[in-house]
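Comments concern the structure below.
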Amino acid sequence: MADFPINALRHSASHIMAQAVLRLFPKARTAIGPAIENGFYYDFDVDKPFTAEELEAIEKEMKVIVKERYKIESFDLPRDEACALMKDQPYKLELIDELPEGEPIHFYKHGEFTDLCAGPHVDHTGRVKAFKLLSATGAYWRGDSNRKMLCRIYGTAFDNKEELQAHLEALEEAKKRDHNRLGRELEYFTTVDYIGQGLPILMPKGARVIQLLQRWVEDEEQKRGYLLTKTPMMAKSDLYKISGHWDHYRDGMFIMGDPDDEEAEVFALRPMTCPFQFQVYLSRTRSYRDLPMRFNETSTLFRNESSGEMHGLIRIRQFTISEGHLACRPDQLDKEFEGCVNLASHMLETVGLDEDVSFRFSKWDPQNREKYIGSAEQWEQVQVRMKSILDHMGIVYTEADGEAAFYGPKLDIQIRNVHGKEDTLITIQIDFQLAERFGMEYTDSEGQKQFPYVIHRTSIGCYERTLALLIEKYAGALPVWLAPTQAVVLPITERQHDYAQTLYQRLVDAGFRVELDDRNEKIGFKIREAQVQKVPYMLVVGDKEMEGGQVAVRDRREGDIGTMTVDDFLSRLAQQVESKAK
RNA sequence: GCUGGAGUAGCUCAGCAGGUAGAGCAGCUGAUUCGUAAUCAGCAGGUCAGGGGUUCGAGUCCCCUCUUCAGCUCCA
């Protein structure tokens with residue numbers, strides 16, 4: 001039996017799905033249907049979106065087509081014949097129209113179904129044995145929100161039933177790690193409908209973890225020469241007019257006051273810290289000797305994301321980031337940029353997310369000039385500079401056009417959530433324009449005024465998002481140094497309650513986050529609850545332990561690890577916290 | 001913002017031919033004092049997301065709003 005790449009199999013599955021849809025819905029118009037990571041989809045233009053029952057019917061029809069074992073054949077046509085063949089398929093005609101002149105146009109055919117397609121495919125429909133349709137959703141034609149919304153069906157296909165089954169089970173497992181579910185269950189955060197979308201309530205556990213992260217990040221930044229600032233959360237529109245936000249980011253801001261009333265004072269909540277933190281630089285004249293200057297701030301920002309975008313703690317309207325801005329001379333740019341990357345890497349390694357990220361070099365889009373400030377020459381120049389820094393550091397990255405900030409290119413550190421959706425966790429940006437806009441200058445060694453480069457960067461990114469990803473990474477069981485509760489004291493009977501209380505107090509006095517469960521429940525019941533709550537250590541105390549001044553220590557992951565003196569346990573805990581062990 | 005699901009007790013869910021709401025877990029009270037994943041009994045808990053409408057009567061049908069989930073678009 002011939003071997004086919006999994007993409008060919010999935011692509012063929014998508015064609016078989018289109019064939020089944022056309023059998024059941026002859027009026028449907030087909031758009032595009034590629035293989036994607038872990039599966040495939042096909043977009044259709046139909047009168048009504050597919051229901052769950054219709055999806056089942058389509059899947060059933062697909063099985064019929066698989067059984068019929070149609071040969072999958074390719075052929076080429078000249079443009080006029082291709083158009084004639086696809087005359088009832090307007091989306092295909094649009095695609096044909098965009099293909100380069102003079103080259104043959106490829107088609108694939110099986111049974112009564114023919115599709116415009118570059119391939120590759122498997123040799124016959126009987127190969128597609130293990131597949132499943134997953135969902136039906138809306139998707140814009142050509143990904144353009146101004147164009148028609150089509151109906152997209154997602155599915156997946158594998159070489160065999162076992163792999164398919166394993167994949168479907170993995171999807172179920174992933175759902176259990178979802179921070180949006182676990183984070184609420186474990187009481188890290190909640191939301192309230194009359195507060196509004198994207199405005200989560202961080203509960204004691206969530207707030208504690210974020211506090212721990214913030215203290216650590218601020219201390220680490222201090223060690224690396226950063227100067228902490230605290231700047232206002234809102235400003236008059238005048239500030240944003242200087243920065244360019246008023247023209248380039250107004251839709252994303254929460255504005256207070258009527259912008260159309262010339263007399264009224266108009267304020268806006270800050271969507272970024274840059275124009276505020278720049279004022280520190282601007283407060284006096286600066287010399288080349290002052291540079292580099294590194295400012296950091298634990299900064300709460302407000303962005304008016306559109307209503308469909310919010311997701312748990314990952315995409316919200318008010319959030320707090322480890323924001324920072326560095327002003328430096330051109331000759332310092334490489335070193336400062338590297339310093340930012342190294343700091344971010346250190347943060348990721350320490351929390352254990354370093355294996356899960358990828359780097360993206362986000363560039364401007366020369367075709368979309370109104371999104372950006374500055375000239376094409378400036379953009380090209382700074383992008384070349386940034387690329388050389390990245391290459392020199394040996395960073396492996398992908399390039400993305402049109403993902404730059406409006407003032408400069410970015411190195412984005414991307415991470416995927418448990419559902420595979422990618423978001424930016426950390427960003428390091430080179431800005432060659434805002435200094436000039438704000439009149440940030442320094443006097444160089446020749447006595448000339450110069451504008452510094454500004455690096456905008458985060459070190460661990462947005463705390464809420466980081467918390468979400470940590471919950472997913474560790475399935476709620478955070479490392480000891482970050483765990484909101486590090487140990488729970490479990491007396492077996494009432495006889496040990498006084499001892500348990502003393503033990504609890506000793507741990508609290510030593511600076512640890514401890515709980516005492518002195519309910520008169522069975523020890524097995526109490527251990528189970530602590531397991532569910534993902535507490536790293538359970539300290540069981542019965543008569544034996546009380547008499548010996550000891551604790552029986554149970555590790556959440558490893559089970560019983562022995563009876564030890566309280567001092568031994570304290571030093572064990574201290575060592576783990578100190579080393580930030582995972 | 002768009003398309004489609006969903007919203008019943010703190011949580012997971014049942015109730016759907018329209019006839020005034022039910023289970024398990026959690027909570028509380030009492031009993032139990034127990035050695036590693038669920039001790040027993042009792043009690044309490046809901047303007048069925050909010051508002052409007054149809055009806056003698058609405059959790060159930062219709063409309064609007066809010067929230068939430070998946071996907072698309074967006075993410076400076």
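Taking the stretch A:315-362 as the range and being touching a Gly at 6+ places or on another chain (Cβ under 9 Å), under 26 Å from A:Leu291 (Cβ atoms) and assigned to a strand (DSSP E or B) as the test, the residues that pass are A:Ile321, A:Ser322, A:Leu326, A:Ser362. In the stretch A:32-136, counting only helices (runs of 4 or more DSSP H) that sit wholly within it, the ones holding 1 or more residues that are in contact (Cβ under 8 Å) with a residue 40 or more places away in the chain, over 20 Å from A:Lys161 (Cβ atoms) and open to solvent by less than 20 Å² (accessible area, probe 1.4 Å) span A:90-98. Elements of the type strands (runs of 3 or more DSSP E) sitting completely within the stretch A:484-582 and holding at least 1 residues that are polar (S, T, N, Q): these cover A:550-555, A:559-565.
When A:Val384, A:Val418 are checked against the criterion of being exposed (fewer than 15 other Cβ atoms within 10 Å of the Cβ) and of a type in the set (A, V, I, L, M, F, W, C), a single residue qualifies: A:Val384. Residue count for the stretch A:408-424 under the criterion of being at pLDDT 90 or above and near RNA strand B (Cβ under 7 Å from one of its atoms): the result is 3. Any residue at all in the stretch A:486-497 that is more than 13 Å from RNA strand B (Cβ to nearest atom) and either at positive phi or of a type in the set (Asp, Glu) (or both)? Scanning the stretch A:486-497, I find no residue that is more than 13 Å from RNA strand B (Cβ to nearest atom) and either at positive phi or of a type in the set (Asp, Glu) (or both), so the answer is no. Quick one: is A:Tyr453 over 30 Å from A:Glu521 (Cβ atoms), under 21 Å from the mean Cα position of the chain (by Cα) and aromatic (Phe, Trp, Tyr)? In short, no. Yes or no: A:Ile428 touching a residue at least 24 places away in the same chain (Cβ under 8 Å), under 18 Å from the mean Cα position of the chain (by Cα) and under 16 Å from A:Cys274 (Cα atoms)? Judged against the criteria, A:Ile428 is a match. You will find that of A:Tyr453, A:Tyr537, A:Tyr504, A:Tyr463, the residue that is of a type in the set (Phe, Trp, Tyr), touching a strand residue (DSSP E or B) at 6+ places or on another chain (Cβ under 7 Å), open to solvent by less than 10 Å² (accessible area, probe 1.4 Å) and away from RNA strand B (no atom under 15 Å from the Cβ) is A:Tyr463 and no other.
Taking residues in the stretch A:555-582 that are more than 19 Å from A:Leu478 (Cβ to Cβ), and partners anywhere that are open to solvent by 40 Å² or more (accessible area, probe 1.4 Å), the pairs with Cβ atoms closer than 6 Å and at least 6 places apart or on different chains are A:Asp560/A:Arg554; A:Thr563/A:Gln550; A:Thr565/A:Gln550; A:Leu570/A:Ala510. One residue alone among A:Arg152, A:Arg184 is at pLDDT 90 or above, of a type outside the set (S, T, N, Q) and within 19 Å of A:Ile471 (Cβ to Cβ), and that residue is A:Arg184. Of the residues A:Glu265, A:Glu297, the single one that is part of a loop (DSSP other than H, G, I, E, B) and either more than 16 Å from RNA strand B (Cβ to nearest atom) or in contact with a strand residue (DSSP E or B) (Cβ under 7 Å, 6 or more places away or on another chain) (or both) is A:Glu265.
Within the stretch A:551-561, being more than 9 Å from RNA strand B (Cβ to nearest atom) and surrounded by 12 or more Cβ atoms within 10 Å (Cβ to Cβ) holds for A:Asp555, A:Ile561.
Among the residues of the stretch A:141-191, just one is near RNA strand B (Cβ under 8 Å from one of its atoms), hydrophobic (A, V, I, L, M, F, W, C) and surrounded by fewer than 15 Cβ atoms within 10 Å (Cβ to Cβ), namely A:Met149. In summary, A:Lys205 fulfils each of the numbered conditions (1) more than 23 Å from the chain's Cα centre (by Cα); (2) surrounded by 15 or more Cβ atoms within 10 Å (Cβ to Cβ); (3) in a helix (DSSP H, G or I) with the single exception of condition (1).
Any idea which of A:Leu291, A:Leu228 is over 33 Å from the mean Cα position of the chain (by Cα) and either in contact (Cβ under 8 Å) with a residue 60 or more places away in the chain or within 13 Å of RNA strand B (Cβ to nearest atom) (or both)? Step by step, each of A:Leu291, A:Leu228 is checked, and only A:Leu291 is over 33 Å from the mean Cα position of the chain (by Cα) and either in contact (Cβ under 8 Å) with a residue 60 or more places away in the chain or within 13 Å of RNA strand B (Cβ to nearest atom) (or both). The residues of the stretch A:362-395 that are among the polar types (S, T, N, Q) and at pLDDT 90 or above, listed by number, are A:Ser362, A:Ser375, A:Gln378, A:Gln381, A:Gln383, A:Ser388.
Exactly one residue out of A:Glu218, A:Glu163, A:Glu172 is free of Cβ contacts under 8 Å to residues at least 40 places away in the same chain and within 23 Å of the chain's Cα centre (by Cα), and it is A:Glu172.
With respect to the conditions (1) under 30 Å from A:Leu168 (Cβ atoms); (2) within 16 Å of RNA strand B (Cβ to nearest atom); (3) touching a helix residue (DSSP H, G or I) at 6+ places or on another chain (Cβ under 7 Å); (4) not charged (D, E, K, R), A:His325 lacks only one, and its number is (1).
Filtering A:Ile389, A:Ile428 for residues that are part of a strand (DSSP E or B) and either touching a helix residue (DSSP H, G or I) at 6+ places or on another chain (Cβ under 6 Å) or farther than 17 Å from A:Glu338 by Cβ (or both) leaves a single hit, A:Ile428.
Can you spot a residue in the stretch A:481-494 that is at pLDDT below 95, closer than 22 Å to A:Gly206 by Cβ, more than 34 Å from the chain's Cα centre (by Cα) and open to solvent by 20 Å² or more (accessible area, probe 1.4 Å)? No; the residues of the stretch A:481-494 include none that is at pLDDT below 95, closer than 22 Å to A:Gly206 by Cβ, more than 34 Å from the chain's Cα centre (by Cα) and open to solvent by 20 Å² or more (accessible area, probe 1.4 Å).
Counting only residues that are under 42 Å from the mean Cα position of the chain (by Cα), of a type in the set (S, T, N, Q) and within 6 Å of RNA strand B (Cβ to nearest atom), the stretch A:512-534 holds 1 of them. Of the residues making up the stretch A:22-44, those that are of a type in the set (D, E, K, R) and within 12 Å of RNA strand B (Cβ to nearest atom) are A:Glu37, A:Asp43.
The values are calculated or read from the model by the stated rules, or taken from the named source; none is laboratory data. It should be emphasised that the depicted structure is a prediction, and the values quoted were computed from it without experimental measurement. Note that we place each Cβ from the backbone using ideal geometry, even for glycine, and neighbour counts take in every protein chain shown. Just so you know, the surface numbers come from the protein's heavy atoms only, side chains and all, with ligands and any DNA or RNA stripped out. Shrake-Rupley method; radii C 1.70, N 1.55, O 1.52, S 1.80 Å.
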